[in-house]
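The values are calculated or read from the model by the stated rules, or taken from the named source; none is laboratory data. Only a predicted model underlies this, so the values are computations on that prediction, with no experimental measurement involved. Using ideal geometry, Cβ is built from the backbone for each residue, glycine included, and neighbour counts are taken over all protein chains shown. Only protein heavy atoms, including side chains, enter the accessible area calculation; ligands, DNA and RNA are left aside. Shrake-Rupley method; radii C 1.70, N 1.55, O 1.52, S 1.80 Å.
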Amino acid sequence: MKITVIGSGYVGLVTGTCLAETGYHVCCLDVDPRKIEILQNGGIPIFEPGLEDMVKRNVAAGRLHFTTDVAASVAFGEVQFIAVGTPPDEDGSADLQYVLAAARNIARHMTGYRVVVDKSTVPVGTADKVRAAIADELAQRGADLPFSVVSNPEFLKEGAAIEDFMRPDRVVIGVDDDRAAEIMRRLYKPFQRSHERVLLMDVRSAELTKYAANAMLATRISFMNELANLAETMGADIEQVRQGMGSDPRIGYHFLYPGVGYGGSCFPKDVKALVQTAKENGHTLRVLTAVEEANDSQKLRLVEKVVSRFGEDLSGRRLALWGLAFKPNTDDMREAPSRVIVEELTRRGAEIVAFDPVAAHEAQRVMSGVNGVAFADDMMQALQGADALLIVTEWKMFRAPDFEAIRRSLKQPLIFDGRNMYDPAWLREQGFDYHAIGR
């Protein structure tokens with residue numbers, strides 16, 4: 001089976017590479033020649049553990065190649081994955097212009113049957129729009145060619161995307177005809193040797209499943225953040241509450257960690273898009289509206305703690321900040337809480353010296369317009385002469401630092417921990433003034 005993946009960003013590159021790893025021949029298309037040049041020269045435009053080596057291995061084996069040639073990419077694969085961006089419009093809805101442009105390009109160049117697979121996260125009803133766009137282009141050509149449109153949403157966690165793709169919990173396939181269903185089953189057969197993981201359903205249900213899953217996870221995060229703030233006010237410890245809740249098998253421990261809010265390319269965008277989709281269909285999703293409001297507020301929680309300690313005017317204050325990416329094991333700065341925190345602290349006059357083991361370069365790009373922020377090459381270097389340390393991303397290298405060295409570097413042993421990485425009682429015994437979330 002030959003497969004084309006349209007869009008060589010995060011989802012497209014992981015999808016194409018993992019499919020090639022199982023033996024398929026894959027052509028990855030992107031309209032950005034700079035990105036394709038990077039890939040052809042053995043690099044990758046994103047950070048994802050293990051991905052660069054896998055790309056190089058499959059390129060060398062001749063199973064994976066990259067192109068900017070639309071006609072060649074359409075001719076290559078019977079299965080055409082659309083994995084382009086769906087950025088939010090001003091009203092929060094998903095912008096489908098790139099998805100529909102990809103669909104029209106397929107229709108302009110196809111000469112035989114194609115399975116067009118929506119891999120991008122798209123709102124309910126997108127498959128209908130893709131089907132209409134392809135049919136319209138074929139009509140303009142006067143071509144009567146068969147095709148199928150399938151919804152196959154991705155459930156990849158940044159930082160663990162390869163594991164998620166190669167050993168999926170489930171493979172959701174929304175399909176309306178038997179021919180496409182059989183092809184998609186065959187395509188995913190190498191990924192489910194131990195037991196059946198494919199969930200076949202209608203296309204609209206598959207589209208909604210993706211949004212529903214992310215919205216539920218976002219809800220759990222905001223719920224725990226709300227409880228953490230209450231626990232802190234009432235003198236309870238949210239970590240003990242979390243263990244008590246998570247031990248209930250109906251609830252479980254996943255996504256019950258309080259912090260400074262969720263970010264990234266999925267949760268914020270998908271919650272907004274689902275809320276907007278509901279509005280367009282005459283419904284108000286009250287819970288998700290509150291989830292979004294709670295998350296926006298939570299991104300300021302660490303700032304509030306700093307202001308409570310030092311006052312609104314932070315002029316002359318130097319603050320060290322560990323962690324810039326929205327989560328560990330990625331360089332993704334989209335909707336990262338660190339962006340809000342840095343902007344709010346520098347607006348009050350603070351000087352920020354930040355460190356991130358992977359995302360510093362991307363952070364410099366997205367924060368280029370923010371005055372008062374510098375970037376350290378080393379986590380301990382960031383602490384030199386700082387009034388306090390702020391922890392924003394829970395990288396593993398921050399789990400067990402040299403606390404005596406931290407004490408020597410800071411002006412005072414003061415830590416604001418937005419990820420609850422340390423034991424409060426132990427740190428206070430060591431003489432640290434330690435402020436966590438809900439503890």
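Between T284 and M380, what's the calculated FRET efficiency when r is the beta-carbon distance and R0 is 45 Å? Round to 0.05. Before the final figure, lay out each step's value.
Values: r = 49 Å, r/R0 = 1.10.
Between T284 and M380 the formula returns 0.35.
For the stretch 323-337 versus the stretch 239-292, the spacing of their alpha-carbon centroids is 18 Å.
Please compute the per residue accessible area over the stretch 340-439 with all protein chains in place, 1.4 Å probe, rounded to a whole number of Å². Could you put the intermediate results ahead of the total?
Values: 4420 Å² over 100 residues.
Computed with neighbouring chains in place, this is 44 Å² per residue.
Peptides 266-274, 122-130, 418-426 ranked from most to least packed by the mean count of surrounding Cβ atoms within 10 Å: 266-274, 122-130, 418-426. Sorting 377-383, 259-265, 140-146 by average packing, meaning the other beta carbons within 10 Å per residue, from highest down gives 259-265, 377-383, 140-146.
Every helix of 4 or more DSSP H residues in the chain counts as -39500 (n - 2.57), and over all residues that averages to -13500 deg cm²/dmol at 222 nm. Under a 5 Å amide H cut-off, with hydrogens placed 1.01 Å from N, V150 pairs with V116, V117, D118 among residues at least 5 apart or on other chains.
Measure nothing fancy, just the Cα-based angle from helix 97-109's long axis to the longest principal axis of the chain, in degrees from 0 to 90, nearest 10. Taking Cα atoms only, the helix is inclined about 20 degrees.
Each of S297, S194 has its accessible area taken with a 1.4 Å probe; listed largest first, they run S194, S297. Distance between the modelled labels on H254 and E304, one decimal in nanometres: 3.0 nm (7 Å Cα→Cβ projection).
What dipole magnitude, in Debye to the nearest 20, does the chain give about its Cα centre under +1 on Lys/Arg Cβ and -1 on Asp/Glu Cβ? If you can, show how the numbers build up before the last one.
Numbers: 51 positive and 61 negative charges, 118 e Å.
Once rounded to the nearest 20, the dipole reads 560 debye.
Across the stretch 369-377, computed HN-Hα scalar couplings (Karplus, 6.51 cos²θ - 1.76 cosθ + 1.60, θ = phi - 60°) run x, 9, 7, x, 10, 10, 10, 8, 8 Hz from first to last residue, x flagging Gly and Pro. Near the amide H of L64, within less than 5 Å, lie the amide hydrogens of V26, V59, all on another chain or at least 5 residues away, with H placed in the peptide plane.
Between the DSSP loop rule and a limit of at most 10 other Cβ atoms within 10 Å, which trypsin sites (Lys or Arg not before Pro) in the stretch 348-416 are left?
Numbers: sites: R348, R365, K396, R399, R407, R408, K411; in loops: R348, R399, K411.
Passing both the DSSP loop test and the Cβ count: R399.
If you take every DSSP beta bridge whose two residues both sit in the chain, what share of them, in percent to the nearest 5, is antiparallel?
Numbers: 2 of 46 bridges.
Around 5 percent of the beta bridges assigned by DSSP in the chain are antiparallel ones.
Amide H contacts under 5 Å for V373: I352, restricted to partners 5 or more places along the chain or on a different chain, H placed in the peptide plane at 1.01 Å from N. Site pair V366 and Q140 shows an inter-label distance of 3.6 nm when each label is modelled 7 Å from Cα along Cα→Cβ. Kirkwood hydrodynamic radius for the stretch 1-112: how many Å is it when counted over pairs of different Cα atoms? After inverting the pairwise mean of 1/r, the radius is 14.2 Å. Do any of K35/K157; K157/K299; K56/K129; K129/K327; K129/K272; K272/K327 go past 24 Å between their Cα atoms, and which? Cα-Cα > 24 Å for K56/K129; K129/K327; rest within.
For the stretch 366-439, carbon and sulfur atoms together expose 45% of the accessible surface, with a 1.4 angstrom probe and every protein chain in place. When the surface is traced with a 1.4 Å probe over the full set of protein chains, E78 keeps roughly 60 Å² accessible. Angle, helix 178-188 long axis vs. longest principal axis of the chain, Cα atoms, 0 to 90°, nearest 10? The two axes meet at around 50 degrees. Calculated over the stretch 308-399, the projected area of the Cα convex hull averaged across directions stands at 5.5 nm².
Computed over the stretch 156-212, the P(r) tail beyond 13 angstrom holds 63 percent of alpha carbon pairs.
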